[in-house]
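Below is one structure, written out as structure tokens; comments come after it.
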Amino acid sequence: MKKLTVEELLEKAKKPAKLAMAYHPFYEGKLQVMPKCVIRNMFDFAIWYTPGVAAPCREIHKDPELSFEYTNRWNYVAVVSDGTRVLGLGDIGPEAAMPVMEGKAILFKYLGGVDAFPICLATKDPNEIITALKWLEPTFGGINLEDIAKPKCFHILEKAREELDIPVWHDDQQGTATVVLAGLINALKIVGKKKDEITVAMIGAGAANYRTAVVLIKAGVKPENIIMVDSKGILHPNRKDIEAKKDENPWKWEMCVKTNAEGREGGISEAMKGVDVCIAMSKPGPGVIKPEWVSSMADDAIVFACANPIPEIWPWEAKEAGARIVATGRSDFPNQINNSLGFPGIFRGVLDVKARTITDDMCIAAAKALAEYAEEKGIHEDYIVPTMEEWDVYPREAVACALQSIKEGVARVKLSRQELWERATTIIKRAREATHLLMKEGIIPPPPPEEEVLKK
């Protein structure tokens, strides 16, 4: 693992930003809407629009569920944000969030064959956001919540899952939890430890680590063996500052009560002492986690330092300090814990069975599919999860989630494993091939040369 200087890392970080500033206005955005039906001549518009379209309209009026069959609703996902917590930029507003939501939508399409639409709302009120989701429901087969500040993101997710009859997912929570669990499953296999025996320090108590803790517990990690740390220290039942706000943020108080059976107090160093696993989702480093704290962990320690753009500790520092397996959120280091490994395949699966929700058990099913795929390829210290280039992992996830949806009784249609595999594979291949064809034919033109952009 090459040790990069801070200057080298900063220079690498500047390149995408420079290219983005040239490419975004060049393409005038990243998405477009194109027909998926034949248009052989002008008569076809009499089928797709008036007068012929009235016939399917009448049938849907009799049975609204037919909207999943007669329209593309079954494959539409709304990527919804209020712009209050955009990447590492914070509350920058809905207009400034649009480039991120468009980017999310092209990941949905290219990796999962999902037709996703960015929808940035001009409200920060959680109840108004929930109302907006209800208003959008007739158009969409699923909703992906994105970059919404805590604690309201917890409330919005819970209420929307209760009140809508389509899957609602918060990628910062459930997506992160899915990929972390996948990596942890394989990391534990390599070091020879069991989920129900390990101790876990979780650095950061925001949306990502909260839901990760929920999913880890459901997957077999004992809640009493989790030590969670926020910016003021370890969570425990005597944290009066958190108890005072438990009506506003009951989710954080829940972690105070159900985790940390030892009653540890202090900060990150105390939380990490003697633990088997450290999962950090806090603030960019380096230096948030010190090498000596990694050295204090148990033998064969596992460290997931997932802050971006710079992890809480450099991977080589963690390795030198004694960690056997290290993962980060970056693509230029081994073991990237990347939400893009999760949501495209998961939504492909739930959309294919027209599911009514996405449960934590579906996240676990997806995590197991990710872990099994990597294990079949041959897991080792520097390969615990698949990479985004391994496109055939997405149909695997899709099938796992669809089958779990059927098992839980929330699928509108039931298909066999083989039918699900063939459907997901066909849809994802078609999306990728369509993009490549548009590029080959020049309909998507090549961007300005990198060399010219980077010189400016």
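Only the coordinates and a few stated rules stand behind these numbers; no lab work does. All values reported here derive from a predicted model rather than from experimental measurement. Cβ atoms come from the backbone with ideal geometry, glycine included; neighbour counts cover every protein chain shown.
Setting aside same-chain residues fewer than 8 positions from K193, which lysines have a Cα under 17 Å from its Cα?
K222, K368
At a Cα cut-off below 23 Å, give the lysines reachable from K290, other chains included and same-chain residues fewer than 8 away excluded.
K2, K3, K232, K273, K319
For region 22-172, what is the largest minus smallest coordinate of the Cα atoms on each principal axis, given in angstrom and ordered from greatest to least?
Taking the Cα atoms of region 22-172, the three principal extents are 50, 42, 26 Å.
For Rg and Dmax of the Cα atoms in Å, one of [x] 22.8, 74; [y] 23.2, 88; [z] 32.4, 110 was computed from the structure I shared and the rest are decoys. Which label?
Step by step, Rg and Dmax of the Cα atoms in Å for this structure corresponds to label [x].
Show me 141-148, 27-34, 352-359, 16-23 ranked by packing, highest mean number of other Cβ atoms within 10 Å first. Write down the numbers at each step before the final one.
Numbers: 141-148: 26.8, 27-34: 10.8, 352-359: 22.4, 16-23: 13.0.
Final packing ranking: 141-148, 352-359, 16-23, 27-34.
At a 10 Å Cβ-Cβ cut-off, how would you order V38, V413, fewest neighbours first? If you can, show how the numbers build up before the last one.
On the way: V38 9, V413 15.
Ranking V38, V413 by Cβ neighbours within 10 Å, fewest first, gives V38, V413.
Could you order the peptides 336-342, 52-58 from most to least packed, using the average number of other C-beta atoms within 10 Å per residue?
Values: 336-342: 23.4, 52-58: 12.1.
Per-residue mean Cβ counts within 10 Å order the peptides as 336-342, 52-58.
At 222 nm, what value in deg cm²/dmol follows for the chain if DSSP H runs of at least 4 each add -39500 (n - 2.57) and the sum is divided by all its residues, to the nearest 500?
On the way: 19 runs with 214 residues, N = 456.
Counting only the DSSP helices, I get -14500 deg cm²/dmol.
Using only Cα positions of region 160-265, each an equal point scatterer, no hydration layer, compute I(q)/I(0) via Debye at q = 0.22, 0.24 Å⁻¹ and quote the log10 values to two decimals.
-1.20, -1.32
May I ask for the distance between the Cα centers of region 42-90 and region 318-394, given as a whole number of Å?
30 Å
Check cross-link reach from K134 to the lysines: straight Cα distance under 18 Å, and skip same-chain residues fewer than eight apart.
K124, K152, K159, K354
Which order, highest average first, do 431-440, 64-73, 175-184 follow once you tally other Cβ atoms within 10 Å for each residue and take the mean per peptide?
Values: 431-440: 13.1, 64-73: 15.1, 175-184: 28.2.
Ranked by mean Cβ neighbours within 10 Å, highest first: 175-184, 64-73, 431-440.
Taking neighbour Cβ counts within 10 Å as the exposure measure, how do S405, S231 sort from fewest upward? Show your work: numbers first, answer last.
Working: S405 28, S231 10.
Starting with the residue having the fewest Cβ neighbours, the order is S231, S405.
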